[in-house]
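Notes follow the structure.
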Amino acid sequence: MGADDPLPVTASTAAGFPSFEVARLPRLVVGPGRITELPGLIAAFGRSVLLVTGARSFRESAAWTSLVASLEEAGLGWDHVAVAREPSPELVDRAVAARRGDPPDVVVGIGGGSALDTAKAIAGLLRSGTVVLDHLEGVGRGIPYLGPTTPFVAVPMTAGTGSEVTKNAVLSGRLPNAAPGTPPFKKSFRDERLVAQVVVLDADLLATCPPAVIAGDGMDAVTQLLEAFTSTGASPFTDAIARTGLEAAAGALPAWHAATVAGAPPESSAAARAAMSWAACCSGIALANAGLGAVHGIVAPLGAAFPVHHGTGCGMLLAATTRANLVALAARAPGSPALASYADAGRILAGNRALTDGQARDALLATLDTWTVVLRLPRLADFGVTPRDLPGLVAESRGSSMRTNPILLADEEIAGILAAAL
Ligand SMILES: [Zn+2]
């Protein structure tokens, strides 16, 4: 989820049952081992497939060898694009230009958020005759995207971004005419038609995730769930999804991380892995329909100016932001429904249904503080952030994510969040 995402349709109404929308969802194919169904899922859309993967991890695995063998056995032609770093407009446009004469019938993204976002953008542009910068929000030419898309199948190999179920591809790069020293942009190519046709959530593919990826991506998912749950754009639908996701993440994230740090066999954390994979998927559905909050508002300029991984950035900021939101809500909006949602989240994450609202909000903060430590999250200072950088980060933090935060935070409050995470 990048900066400058538009405001979702708000659920709040004067009285009675709220008015809201549920954005289009992919078909979800969930369960360990279900990657073996991929050839059949691809064949439903055609005979040729473009596979978009991360640079190494998946292609070095036995799963890659057996996937390629199964595609060939099914008589499917395949081609491949690897995403080495953050997805850029140039990479997407190059991949599209090379295939425009004979585009594949299907695009499959297999990997983390970068591979999925690249695949999503390529699938959007193969048949449209346009390039990324025609449509990229904020920095593009503002040309409306009209499609048509190529069917896109998403196979996440991390539990975090939720990109498999969202309609935007976050791309980063520099404008050709940018002044020297301008930080790179991170913007979305967004359209409802970019949503995947099918998602395969096979937690076996996550068995080789290293601890830092489990922690960073896991905290991205938890942040997205908590921000959607307390967003001013929350609806009965997103509340249900966010609650389900938080329940799945509650025990699973620390358990999966601890087992991996301890070098336990991957089978021992299969259930925790599957639960986090589901939590991440729920976080994507929730954010796509409810919007996000201050953590995502702040992490956007942080990631542009410093080498901070998106999810790790969320993890470093989540406890301090939640504390600041709770203090501000109690002082300025004691009737806000977000206070009850924070209490619900506290009961879920602390695993204690008997807590009163006040106790539950304290338990939420205590749990987030504990996770910050046990998941071995770094501090902002580890990335070179100093107190001098805070005013600039505060000034750049008011993108659309910030606008669905449950309460309007003052500059000093945002600076206080950053200072607490230094
Ligand atoms: Zn995020």
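Values as computed for the structure displayed
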| read-out | value |
| --- | --- |
| Per-region count, region 256-299, residues of a type in the set (A, V, I, L, M) and either more than 12 Å from the ligand (Cβ to nearest atom) or open to solvent by 30 Å² or more (accessible area, probe 1.4 Å) (or both) | 16 |
| Members of region 114-134 found to be assigned to a loop (DSSP other than H, G, I, E, B) and open to solvent by less than 10 Å² (accessible area, probe 1.4 Å), listed by number | 126 |
| Restricting region 141-165 to residues that are surrounded by 19 or more Cβ atoms within 10 Å (Cβ to Cβ) and small (Gly, Ala, Ser), the residue that is farthest from residue 257 (Cα to Cα) | 154 |
| Of residues in region 303-314 being in a helix (DSSP H, G or I) and out of contact with any Phe, Trp or Tyr (no Cβ under 8 Å at 6 or more places or on another chain), the one most open to solvent (accessible area, probe 1.4 Å) | 305 |
| Selection status of residue 274, touching a strand residue (DSSP E or B) at 6+ places or on another chain (Cβ under 9 Å), assigned to a helix (DSSP H, G or I) and closer than 22 Å to residue 109 by Cα | yes |
| Residues (touching a residue at least 60 places away in the same chain (Cβ under 8 Å) and either of a type in the set (A, V, I, L, M, F, W, C) or open to solvent by less than 10 Å² (accessible area, probe 1.4 Å) (or both)) located in region 95-108 | 106, 108 |
| Residue that is farthest from the chain's Cα centre (by Cα) [pool: residues in region 302-325 that are within 14 Å of the ligand (Cβ to nearest atom) and of a type outside the set (A, V, I, L, M, F, W, C)] | 321 |
| Check on residue 217, within 16 Å of the ligand (Cβ to nearest atom), assigned to a helix (DSSP H, G or I) and closer than 27 Å to residue 108 by Cβ | yes |
| Contacts under 7 angstrom Cβ, first residue in region 207-231 being open to solvent by 10 Å² or more (accessible area, probe 1.4 Å) and modelled with pLDDT under 95, partner more than 9 Å from the ligand (Cβ to nearest atom) and in a helix (DSSP H, G or I), 6 or more apart | 207/266; 207/273; 208/57 |
| Test result for residue 234, more than 16 Å from the chain's Cα centre (by Cα) and without any contact (Cβ under 8 Å) to a residue 40 or more places away in the chain | no |
| Number of positions in region 143-187 that are within 16 Å of the ligand (Cβ to nearest atom) and part of a loop (DSSP other than H, G, I, E, B) | 7 |
| Test result for residue 323, basic (Lys, Arg), in a helix (DSSP H, G or I) and either open to solvent by 20 Å² or more (accessible area, probe 1.4 Å) or without any contact (Cβ under 8 Å) to a residue 60 or more places away in the chain (or both) | yes |
| Pairs with Cβ under 6 Å, 6+ apart, first in region 300-316 and touching a residue at least 60 places away in the same chain (Cβ under 8 Å), second within 12 Å of the ligand (Cβ to nearest atom) and of a type in the set (Ser, Thr, Tyr) | 314/223 |
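The values are calculated or read from the model by the stated rules, or taken from the named source; none is laboratory data. Owing to the predicted nature of the structure, the values given are computational and were not obtained by experimental measurement. Every residue, glycine as well, gets a Cβ built from its backbone with ideal geometry; the counts of neighbours run over all protein chains shown. Calculation scope for accessible area: heavy atoms of the full protein, side chains included, ligands and nucleic acids excluded. Shrake-Rupley method; radii C 1.70, N 1.55, O 1.52, S 1.80 Å.
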